[in-house]
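Working notes, beginning with the structure itself.
The values are calculated or read from the model by the stated rules, or taken from the named source; none is laboratory data. All figures in this text were calculated on a predicted structure; none of them were measured in a lab. Every residue, glycine as well, gets a Cβ built from its backbone with ideal geometry; the counts of neighbours run over all protein chains shown. Surface accessibility is based on the protein's heavy atoms, side chains included, excluding ligands, DNA and RNA. Shrake-Rupley method; radii C 1.70, N 1.55, O 1.52, S 1.80 Å.
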Amino acid sequence: MELPRYVLLEKAVGQTPLQCMEAWRVENGVDSDIPLTYAGRLDPMASGQLLILIGDECKKKDEYLGLDKTYEFSVLFGIGSDTHDVLGRLHTDESIEIQNLSEQLQKMASELVGDVELPYPHFSSKTVQGKPLFQWSLEGRLGEIDIPTKQSEIYALTLGKFETSSRKNLALAARAKIDTIPEVTDTNKQLGADFRRTDIRQDWEDIKAGNPLPRQGLGKIENEPLPGQYTIAHFTCSASSGTYMRTLAKLIGEQLDPVTPSLAWSIHRTEIRNIT
């Protein structure tokens, strides 16, 4: 069988890019001595198109890393996390009502189009002084470094539908997403002891029970029950390579009036553009 130069695969939520790539190798009977590599990552909680280079095309990986991408992603308001998605330690804020949410988000989506400088997520593989940011985070040493930023360009950002979810259903859905990741037992590959999932699962259990979680830097909220319903807004974004939808989801909450915690509830890459 003559192999193509590359293939576009659909990575599932919970898969790593490597797992997705190697599953394709097995399914298609591709010999282990034929090199494969992925050009551009997707986070464990993200799904969608993953570009796999095959054979000699792997040598041209750098030529593929700058390709523009399109995503469908959704933002959950009222809950934030240190990873900016559901696979992080959570924090909540007082139950606040956001006035004119649709109008605010429509205006914000228009204003964010263009050049934007975004910080790398604290839980990312971006290296600082030879160490990935997630390792600095796990060691509690972020205060010792400057968080790097990346200049990105957002070509289009459009607001789609809204949905609401009960607190219980939200927590159950988040738990289902988290549990899609196979248990990490290799201590050399554990990210904070199996992605810190014991603590993160407990955070979502607290959300389900209505127990407020620590606000960032402010400690526990006393006598402030969590709301029974949460709002999720859906967006479509076309952007330059390396634009983190997780970071964009956090930024959207920060720019609301009043400022509210937010995280990327879902991320799906629908297109890798201009592949030659």
Residue hits (segment 245-266; among the hydrophobic types (A, V, I, L, M, F, W, C) and either open to solvent by 20 Å² or more (accessible area, probe 1.4 Å) or free of Cβ contacts under 8 Å to residues at least 12 places away in the same chain (or both)) are Leu251, Val259, Trp265
Which residue out of Tyr64, Tyr155 is open to solvent by 40 Å² or more (accessible area, probe 1.4 Å) and in contact with a strand residue (DSSP E or B) (Cβ under 9 Å, 6 or more places away or on another chain)? Tyr155
Leu112 at pLDDT 95 or above, under 20 Å from the mean Cα position of the chain (by Cα) and over 19 Å from Met45 (Cα atoms): yes
Working carefully through the options Gly88, Gly48, Gly78, find the one that is more than 30 Å from Pro227 (Cβ to Cβ), open to solvent by less than 70 Å² (accessible area, probe 1.4 Å) and small (Gly, Ala, Ser). Gly48
Only helices (runs of 4 or more DSSP H) wholly contained in segment 1-117 count here; list those with 3 or more residues that are farther than 30 Å from Thr260 by Cβ and of a type outside the set (S, T, N, Q). 17-27, 61-64
Residues of segment 158-175 satisfying the condition of being open to solvent by 60 Å² or more (accessible area, probe 1.4 Å) and either assigned to a helix (DSSP H, G or I) or not polar (S, T, N, Q) (or both): Lys161, Phe162, Glu163, Lys168, Asn169, Leu172, Arg175
Exactly one of Glu27, Glu2, Glu10 is touching a Ser or Thr at 6+ places or on another chain (Cβ under 9 Å), open to solvent by 70 Å² or more (accessible area, probe 1.4 Å) and acidic (Asp, Glu), and that one is Glu10
